[in-house]
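Structure first, then comments.
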Amino acid sequence: MKEFFPALHAAALFSGISDDELATLLSCLGARIDTFPKGSRLLRAGEAVEEVGLVLAGSALIMQEDIWGNRNILSKTGPGQTFADVFACAPGAVLNVSVEAESTMTVMFLHIRRVLSVCPSACSYHSRFIRNLLGELAEKNLRLNEKHMGQRTTRTKLMSYFSAEALRRGVYEFDIPFSRQQLADYLGVERSGLSVELGKMRDEGLLDFHKSHFLLKTPEADRPFPSAR
């Protein structure tokens with residue numbers, strides 16, 4: 001398992017934890033590693049979970065689906081990021097989302113009951129891990145509050161999404177983690193309509209893009225980003 005330590009140290013969940021502490025902590029948390037092929041379901045809606053998943057390699061889509069098969073992408077999870085932690089932390093809760101491998105994945109699972117119980121030695125790094133976990137949950141809650149579904153039109157959803165990304169990153173130019181279809185599923189719009197609206201916004205000088213790379217053009221775009229001043 002030590003071959004994964006570099007990836008674990010890059011994850012916010014293990015911030016401030018040394019190699020020796022990490023080895024002990026992983027044993028305490030009953031860590032196990034599994035691999036999944038592209039397109040496989042790691043978790044399905046309706047299941048109960050007791051483990052947090054930490055992505056070591058690859059990426060997963062967190063999505064909701066209705067009984068007719070329509071899907072809405074809630075987020076994308078890549079290396080160093082977690083999934084199912086919110087549900088695993090709520091005793092008796094069942095998933096209302098599914099987790100699908102966007103690519104071949106390697107995932108570490110950590111048993112949530114051991115995470116939330118302070119170990120007998122009351123080690124400081126276990127407490128640090130719990131603080132890191134709380135930070136992860138808080139960050140996800142903040143991102144959920146950014147959800148752009150309340151906007152009425154495809155354009156306002158796109159503008160809301162791009163504005164939130166720019167504010168979060170502190171720049172006007174960035175890559176997004178979604179393909180066109182995934183972005184449409186994330187925003188809850190038709191792909192064709194999304195592509196048309198992006199073309200109109202480019203023609204109107206609001207933005208420019210190539211594949212998943214976007215440049216927002218605003219009256220402020222030729223100046224330092226406000227948060228960087």
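The values are calculated or read from the model by the stated rules, or taken from the named source; none is laboratory data. Just so it is clear, the structure is predicted and the values come from calculations on it, not from any experiment. So basically every Cβ, Gly included, is an ideal-geometry build from the backbone, and we count neighbours across all protein chains shown. Just the protein is used for accessible areas: all its heavy atoms, side chains included, with ligands, DNA and RNA removed. Shrake-Rupley method; radii C 1.70, N 1.55, O 1.52, S 1.80 Å.
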TODO: Mind checking the per residue accessible area of the chain for me, 1.4 Å probe, whole number of Å²?
DONE: 53
Task: Answer label, with semi-axes √(5λ) of the Cα gyration tensor in Å calculated from the coordinates and candidates (i) 35, 21, 15; (ii) 24, 22, 18; (iii) 26, 20, 19 - done: (i)
- [ ] Select from Leu137, Leu13, Ala88 the residue farthest towards the positive end of the dipole of the chain; place +1 on Cβ of Lys and Arg, -1 on Cβ of Asp and Glu, and compute about the Cα centre.
- [x] Leu137
Open item on the list: Output wanted: per-residue J couplings in Hz (rounded whole) for segment 189-206, from phi through Karplus 6.51 cos²θ - 1.76 cosθ + 1.60, θ = phi - 60°, x for Gly and Pro.
Closed with: 10, 6, 4, 4, x, 5, 5, 4, 5, 4, x, 5, 5, 5, 4, 7, x, 7
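Using a 1.4 angstrom probe on heavy atoms only, work out the carbon and sulfur share of the accessible area of segment 9-68 in %.
Carbon with sulfur: 49 percent of the solvent-accessible area.
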Task: Contour excess over end-to-end distance, with Cα ends at Ser103 and Ala23 and 0.36 nm allotted per residue - done: 26.0 nm
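Taking 0.36 nm per intervening residue step and subtracting the Cα-Cα distance, what contour gain separates Phe209 from Ser124 on full extension?
25.9 nm
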TODO: Classify segment 43-98 as rounded, prolate or oblate from the Cα gyration tensor: take a ≥ b ≥ c as the square roots of its eigenvalues, call it rounded if a/c is under 1.5, otherwise prolate when a/b beats b/c and oblate if not.
DONE: oblate
TODO: Go through segment 13-85 and name the chymotrypsin sites (Phe, Trp or Tyr not before Pro) that are in a DSSP coil and have 14 or fewer other Cβ atoms within 10 Å of their Cβ.
DONE: Trp68
- [ ] Give me the net charge of Arg114's neighbourhood, meaning all other residues with Cβ under 10 Å from the Cβ of Arg114; Lys, Arg count +1, Asp, Glu -1.
- [x] -1
TODO: Report the full-extension gain for the segment Thr156 to Val196: residue separation times 0.36 nm, less the Cα-Cα distance, to one decimal in nm.
DONE: 13.0 nm
Open item on the list: Give the separation of the Cα centroids, segment 35-68 to segment 153-222, in Å.
Closed with: 26
